[in-house]
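Report on the structure given below.
The values are calculated or read from the model by the stated rules, or taken from the named source; none is laboratory data. Owing to the predicted nature of the structure, the values given are computational and were not obtained by experimental measurement. Every residue, glycine among them, receives a Cβ derived from its backbone with ideal geometry; neighbour counts consider all protein chains shown.
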Amino acid sequence: MIDPARMKDEFLELAGISSLSRREGAIARRLESILKGMGASVEVDDAGEKIGGETGNLLARFTGTKAGAPPFLLSAHMDTVGPAEKIHLVVEGDIVRTDHTTVLGGDDKAGIVAIFEAIRVLRERNIPHGDIEVVLSICEETGLLGAKHFDTGRIRAKRGLVLDVDGVCELITRAPAANRLSFTVTGLEAHAGVCPERGMSAIQIASEAIAGMKLGRVDEETTANLGVIQGGLSTNIVPTRVVIHGEARSLDAAKLEAQTQHMRGRFEEAVARHSVRLEQNEHQARVEIKVERQYELLDIADSAAVVMLVAGATRGLGWTFKTRATGGGSDANVYATRGIEVANLGCGMRDIHTVNEWVDLKDLHTTASIVLETVRLNAVSP
């Protein structure tokens, strides 16, 4: 029932359209046109205005063909990471990649194409289904900003799927909560050659904090990273200020809090050890710490209706299915927090966020078939 040639053509078209975060205007216009051509009503919200982007999230509605069937949500995101300018696609049989100068954008155009193909087949073959609501978000790659600014009160569906993860026949039911952390360490500047003892190096203080910090894979459910360090003006000046940005993630809320407090504590302990007295004045190093919750946990039970639907769909198609956890967040985290029973379905993207990214078109066919069968089963489930 799936049309491989149609899926290939559509994926190649969409992958060729650059759609960096906050610059999704071109892809949004094309997707809106496609959705309307498929028979959907389409709205564009004001999320783009709120976060400084070219367009908002797209909300498309397909009217159901079976009275009383529950509505179902399907979602993917329009934006990609970079580099994504002047995309040159390379097709080798069923494998699609780029010339290794840009990302492919299979994250998440693979998800979009699978959603579109499933809906087309449902409607072409008059397969009974409830209302289908499609949300295509902006700025997923920049802290899930599109989903965070989407009014989920505009949709009726209480269950659904996000298509935004690697793997095939796999469903993400657990994903971490995450905190973004910022540490601004202030020391005291001085001439590095003439009188370094009159200063306090903010870089040295920060390095002491970091040296004893648990980072990377903290445990099987928790990770932490310091990814950006900015500070210093010149090699001959004892640096007075350094800023470090990082994150902590965990599948366990208590562990996330503990890791966050650990990172905070290391900086507080480090600055407490540094002070200098000049002309009867005591100068104490200090740190300003900011913690922002990026997103909440995704934790869907294997007995949840949406999981059972996907399990039934894959079994019916003769494939092996499994649920698993991931260390990354997605729009599913946001929707789940707002009361929608949603999980994240693998759609075959590989080596994402790199210029080596690739997609096997056969995986897209598999994913579209699972979505099609899941939506069909949703119309006959109690």
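Applying the condition of being in a loop (DSSP other than H, G, I, E, B) and in contact with a helix residue (DSSP H, G or I) (Cβ under 6 Å, 6 or more places away or on another chain) to region 122-139 and asking which residue is surrounded by the most Cβ atoms within 10 Å (Cβ to Cβ) yields Ile138. Listed by position, the strands (runs of 3 or more DSSP E) enclosed by region 266-306 that each have at least 1 residues that are under 22 Å from Glu341 (Cβ atoms) are 286-295. Looking across region 67-81 at every residue that is modelled with pLDDT of 95 or more and in a loop (DSSP other than H, G, I, E, B), the one that is farthest from the chain's Cα centre (by Cα) is identified as Ala69.
Inside region 144-154, residues that are under 15 Å from Asp108 (Cα atoms) and part of a loop (DSSP other than H, G, I, E, B) make up a count of 1. What do you reckon, is Glu189 crowded, with 21+ Cβ neighbours inside 10 Å and among the charged types (D, E, K, R)? Considered against the rule, which asks whether it is crowded, with 21+ Cβ neighbours inside 10 Å and among the charged types (D, E, K, R), Glu189 comes out as no.
Filtering region 278-291 to residues that are charged (D, E, K, R) and surrounded by 10 or more Cβ atoms within 10 Å (Cβ to Cβ) leaves Arg286, Glu288, Lys290. Of all positions in region 318-333, none carries a residue that is assigned to a helix (DSSP H, G or I) and either free of Cβ contacts under 8 Å to residues at least 24 places away in the same chain or more than 28 Å from Glu10 (Cβ to Cβ) (or both).
Considering every residue within region 78-89, establish whether at least one is under 18 Å from Lys362 (Cβ atoms) and in the same structural domain as Ile132 (by TED's automatic domain parsing). Yes, that holds for at least one residue. Of the listed requirements (1) farther than 30 Å from Arg174 by Cα; (2) surrounded by fewer than 18 Cβ atoms within 10 Å (Cβ to Cβ); (3) touching a strand residue (DSSP E or B) at 6+ places or on another chain (Cβ under 7 Å), Pro196 misses just one: (3). Could you tell me which residue of region 223-265 is surrounded by the most Cβ atoms within 10 Å (Cβ to Cβ), considering only residues that are under 21 Å from the mean Cα position of the chain (by Cα) and in a loop (DSSP other than H, G, I, E, B)? The extreme case among them is Leu251.
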